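A quick write-up on the structure given underneath.
The values are calculated or read from the model by the stated rules, or taken from the named source; none is laboratory data. The model shown is predicted, which means the values in this text are computed figures rather than measured ones. Using ideal geometry, Cβ is built from the backbone for each residue, glycine included, and neighbour counts are taken over all protein chains shown.
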Amino acid sequence: MRIAKEAEAKGTKRTWLKYPEFTDTIERVQYSELNETDFIEKYEYGSRPVIIQGVAENWKGRKDWQINRLLQRFGKSKFKIGESDSGRKLKVTLK
């Protein structure tokens, strides 16, 4: 593992890693072109996987949740990220 991290840090391509070849056969559909009835009949009842694209295009969070806006609003706020082994709360700021 150490060798892999060192090679990555130096920008060396790790050619000894082999990943299985696969073909992505999952159908993709646009949200704007799909209605509920068609989705249920074709994908839900048919137990077929599908990737629905464009769902969040007009979602307000795409604009409101940009990192610079979150930092302005919540940069100094503390967030609980877990607990220590002794049960003490672990907190960090977004900044």
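Selection within the range 55-95: residues that are aliphatic (A, V, I, L, M) and not in a loop (DSSP other than H, G, I, E, B). The member of this set that is farthest from Glu33 (Cα to Cα) is Leu90. For the range 4-12, indicate whether the set of residues that are of a type outside the set (D, E, K, R), at pLDDT below 90, surrounded by 10 or more Cβ atoms within 10 Å (Cβ to Cβ) and assigned to a helix (DSSP H, G or I) is non-empty. Yes, the range 4-12 contains a residue that is of a type outside the set (D, E, K, R), at pLDDT below 90, surrounded by 10 or more Cβ atoms within 10 Å (Cβ to Cβ) and assigned to a helix (DSSP H, G or I). Considering the range 31-54, the residues that are surrounded by 10 or more Cβ atoms within 10 Å (Cβ to Cβ) and aromatic (Phe, Trp, Tyr) include one that is nearest to the chain's Cα centre (by Cα), namely Tyr31.
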